[in-house]
Structures are given as structure tokens and as C-alpha cells.
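Data first, discussion second: the structure below is written as C-alpha cells.
Nothing in this text is a laboratory measurement; each read-out follows from the coordinates by a stated rule. Just so it is clear, the model here is predicted, and its values are computed rather than measured. Positions of Cβ are backbone-derived with ideal geometry, glycine not excepted, and every protein chain shown enters the neighbour counts.
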Amino acid sequence: MTMDSTFRWALPQLFAGQAQKEIFHNEALARVDMLLHGAVESADEHVPPASPAVGACWIVAAGASGAWDGRAGALACWTEGGWRFADPRAGLSLWIADRGHAMLHDGTGWRDCGVGGDGFHVGGARVVGVRAAAIADPSGGATVDAEARSALTAILGALRAHGLIAA
């Protein structure tokens, strides 16, 4: 059985005796270029930008219209020849410039990755934030027990303040 494109990214393949091989080769290079960069402008746009820069890419949001109609979830990249699209595969991870973190395609849809510029997120909730000030060493107190309780109270207070444990 002869395939006219690759299995994973639908890159056009060349065949013996094929006319204008450079067109197919250049199309494959354009797709490779958009997939290997690993960054997009946004994942929240459903209307193509009016004047995109060559090489700029987006993850097409739901409700897409215009040149993006019917392409929700796809990677859209503006090239000198117009829009090029690639359907995501499970494991594709892209940096989203306007969100400041990456998104991962899980095989059914895009989801936010856990690491962002403001901390580590699980299920959309920040569980580890920016580094807080150090907790002072215990001091004073008449007994070791009082100092230990004070230190533990400070540690628990810091963890609660940063949302790392329940209040």
C-alpha cells in the first residue's frame, strides 16, 4: 500500500517520477518548521489575525470562523503561501506566549501544563507559588516544646498562606 503522507504529521511524501517535487518538499518543510518551533501566540483566538507575521502560529480556539472555520484545536501557522494547519497528536506540547505557560495535547484536546511563570498548577489551581520569605529559626521560649510549637505554627502558616495546605 502506498501512502502519500507520513503517519504522524501528514508530511507530503515524494515519489519517483513525480512532477514538481519541490512543491511537496517545501510543504513538508513548512510543516516541520511550524511543529518544531514549539511556541504559539495564543490558544484563545477563534478569528484569524488581520495581518499576522510570517511564521506566527496559533492554536485555533473553539468557534473558529473565517480561514480557520472547522479547524478548532488545530495548529495554524501563517506562511508566505497563506495558512498552513497541522492537527495535533497526543504528547504535542507548545508554549503559549500570551498565557506564559505551555499547553499539552492529550489526544482528545488541549490542556494547561502544570508549570507556569507564576508557579506549579494542578487542575487549574496553583499549588506552589513564587518563593516566600524564609521562616525564622525558633528562638526564646522557656522550654523546647514551646519553641517547637512556635516553629511548627510558622511553617503551617506559611504553607497555608501559599495555598499548599488547607486552612
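Our summary gives segment 64-114 a relative contact order of 23 percent, counting only alpha carbon pairs under 8 angstrom and 6 or more residues apart. Label positions at LEU164 and SER150, each projected 7 Å from the Cα along the C-beta direction, are separated by 2.2 nm.
Of all beta bridges that DSSP places with both ends in segment 38-130, some 90 percent have antiparallel geometry. A simple spin-label model places the labels of GLU22 and ASP4 2.2 nm from each other, with each point 7 Å out along Cα-to-Cβ. Rounded to 0.05, the FRET efficiency of the SER51 and ASP87 pair, given R0 = 30 Å and the Cβ-Cβ distance, is 0.75.
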